[in-house]
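Just so it is clear, none of the values below were taken in a lab; they were calculated from the coordinates. Fair warning: this is a prediction, and the values are worked out from it, not measured in the lab. Cβ atoms come from the backbone with ideal geometry, glycine included; neighbour counts cover every protein chain shown.
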Amino acid sequence: MILTHNYWCFKKAIPSETCKKILKAGRKKIIKEALTFEGLQKTKRDCKIAWINDKWIYDIINPFIHTANQRARWNFQWDWNEDSQFTIYEKGQYYGWHVDQRPEAFKNKSKNIDGKTRKLSLTLQLTDKSTYTGGDFQLMWILGDKKDLLNIITVNDAKDIGTIIIFPSFIHHQVLPITKGKRESLVNWSIGKRFN
């Protein structure tokens, strides 16, 4: 699939006070080591997470998801959000190249999730960029029909507190290692019927 836009950015879209409220909500949850689809793989991912499903957070992020889906001309069908992931990266922690979409549809889940797939991924920066170094957010995709040419970009705006990045869940992305301090973010996936 060739896309007109591989991601959409809303720079400093969420006020700092709201980001602090989300941080507070995330820090209250049970925080544990993050897994990949394959389980614990420190060679691929090293960070801590907690799960949040507070309605007020969806009320904040869903209008941005709808807007990005329309403005980027993806126009993906989606009708539900998974629980949001509060993610903490400390010194030396990272998440290597990966995609958020699994090859198969979800099974044995609630009626809102069963048989569906991830369509759109969202990351919301919750930490002020002056408090950490490293932790750059990068995206990677094939350039048009040139299967041997990859485009890798660092989304510099992704470090600004309150910035939202939205992209199709099949796009490769990563978070580079933190070299100092701590980066906290909120991640969410919009799901819908499988692509045909």
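Of note:
- When the alpha carbon gyration tensor of the chain is reduced to an equivalent ellipsoid, its three semi-axes come out at 23, 20, 18 angstrom, largest first.
- Restricting region 82-135 to GluC sites (Glu not before Pro) that sit in a DSSP loop and have at most 12 other Cβ atoms within 10 Å of their own Cβ leaves Glu104.
- Region 1-70: equivalent-ellipsoid semi-axes (sqrt of 5 x gyration tensor eigenvalues, Cα, Å): 25, 22, 11
- Computed over the chain with a Gaussian network model linking Cα atoms closer than 10 Å, the most mobile of Gln93, Gln101, Gln70 is Gln70.
- Applied to region 181-196, the Karplus parametrisation 6.51 cos²θ - 1.76 cosθ + 1.60 on θ = phi - 60° returns per-residue 3J(HN,Hα) values of x, 8, 10, 10, 8, 10, 10, 8, 10, 8, 10, x, 4, 4, 5, 7 Hz, with x for Gly and Pro.
- Positive-end extreme of charge dipole, region 128-196 - chosen from Leu186, Val155, Gly134 (charges on Cβ): Leu186
- Taking a straight line from the alpha carbon of Lys193, these lysines sit under 20 Å away, with near neighbours fewer than eight places off in the same chain left out: Lys107, Lys109, Lys111, Lys116, Lys119.
- Each residue, Thr4 and Ile171, gets one label point 7 Å from its Cα in the Cβ direction; the gap between the two is 1.5 nm.
- Full extension of the chain between Asp54 and Thr133 yields a length gain of 25.5 nm, computed as 0.36 nm times the residue separation minus the alpha carbon distance.
- Difference of contour (0.36 nm per residue) and Cα-Cα distance, Asp160 to Gln70: 30.1 nm
- Seen from a random direction on average, the alpha-carbon convex hull of region 96-139 projects onto 4.7 square nanometres.
- Taking every DSSP helix (H) stretch of at least 4 residues in the chain, weighting each as -39,500 (n - 2.57) and dividing the sum by the residue count yields a mean residue ellipticity at 222 nm of -5000 deg cm²/dmol.
- Centre-to-centre separation between the Cα atoms of region 1-71 and those of region 94-172: 10 Å.
- Residues Lys32 and His98, FRET efficiency given R0 of 22 Å [Cβ-Cβ distance, rounded to 0.05]: 0.75
- Anisotropy class of region 96-196 from Cα gyration tensor, a/c 1.5 cut: oblate
- Calculated log₁₀ intensity ratio I(q)/I(0) where the Debye formula runs over C-alpha points of region 69-143, q = 0.12, 0.17 Å⁻¹: -0.51, -0.94
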